[in-house]
Amino acid sequence: MEKKSLYILTGASKGLGQALKNALIKKSGSCVIGVSRSSLKEERNFTPIQLDLEDSESIINRFSEIFPDGEYKEIVLINNAGWIGEIAYNGNLSADSIVSIHAVNVIAPALLMNAFMKKYKHHSGSKIVVNISSGAAAKVVDGWSGYSASKAALNQMTLIAQRESELNNLGFKLFALSPGVIDTPMQASIRAANPSEFSNLSKFKSLKNDGELSTPEAIAQKVLYLIAHPNEFKEVLQDVRKF
């Protein structure tokens, strides 16, 4: 009997995560575990886990559910969940928002990536981590200090984890993937920002009005291509607009 493929996906209820979930459960021989703050229904090939990724202790307590035992053809972790956070200048940010954005965008994927690599380091099949990052990680965007800094941290964590895997011959393939600008609820939050706290507001409104946003379904197919052809991509930092 052919082994199945295991996909562990965060942020499975909305936007790109929802599109990835819908695409992955259609793949033959797939087992998908979807982590989300919202409640999702169990489906064929899909096991939902309701979990708030701001709650680090709850993540740790549920590692055994998120990372099951078993023999699989391939095991893939997609750290897709992310948050734009409060769009405001330094000096105007709430303390809670600073804590929250780093909990979701840095601490949660760090915990999950570490647990994934610990759990499956001896797995003989394909082992892939895709951390959904952002081009903002390398840009100075006013109002986005938390988002840009958290995605820069995610990139660096991924680069180091890949290097460590290579040094120890663990066989993991890790990517930090910039998905471009997608028509998701996060973009709606960006367009609702206060113009006095975000000088790029008109640009993001124009992207929507001019139909220049990618669909979640189109970007999901790019992510699936990356997972299916990891050896075509030599660099850890990737951008969907370049393949």
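Some points to look at:
- Which listed residue, of SER126, SER133, is of a type in the set (S, T, N, Q), in contact with a Lys or Arg (Cβ under 9 Å, 6 or more places away or on another chain), closer than 20 Å to LEU237 by Cα and open to solvent by 10 Å² or more (accessible area, probe 1.4 Å): SER126
- The stretch 48-70, residues that are among the charged types (D, E, K, R) and assigned to a loop (DSSP other than H, G, I, E, B): ASP52, GLU54, ASP55, ARG62, ASP69
Residues checked against (1) in contact (Cβ under 8 Å) with a residue 24 or more places away in the chain; (2) in contact with a helix residue (DSSP H, G or I) (Cβ under 6 Å, 6 or more places away or on another chain); (3) buried (at least 17 other Cβ atoms within 10 Å of the Cβ):
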| site | (1), (2), (3) |
| --- | --- |
| TYR7 | yes, yes, yes |
| PHE63 | yes, yes, no |
| VAL99 | no, no, no |
| ALA103 | yes, no, yes |
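- Any hit, the stretch 151-160, residues being farther than 19 Å from SER214 by Cβ, hydrophobic (A, V, I, L, M, F, W, C), assigned to a helix (DSSP H, G or I) and in contact with a Leu (Cβ under 6 Å, 6 or more places away or on another chain): no
- Residue selected from the stretch 136-167 under the condition more than 14 Å from VAL106 (Cβ to Cβ) and charged (D, E, K, R), by the criterion least open to solvent (accessible area, probe 1.4 Å): ASP142
So that you can scan it fast, the table gives a plain yes or no per residue for (1) in a loop (DSSP other than H, G, I, E, B); (2) of a type in the set (A, V, I, L, M); (3) within 18 Å of THR215 (Cβ to Cβ); (4) modelled with pLDDT of 95 or more:
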site	(1), (2), (3), (4)
ALA12	yes, yes, yes, yes
LEU16	no, yes, yes, yes
VAL35	no, yes, no, yes
SER39	yes, no, no, yes
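The values are calculated or read from the model by the stated rules, or taken from the named source; none is laboratory data. All of these numbers come straight from a predicted model, not from anything done at the bench. Glycine gets a Cβ as well: all are built from the backbone with ideal geometry, and neighbour counts include every protein chain shown. Calculation scope for accessible area: heavy atoms of the full protein, side chains included, ligands and nucleic acids excluded. Shrake-Rupley method; radii C 1.70, N 1.55, O 1.52, S 1.80 Å.
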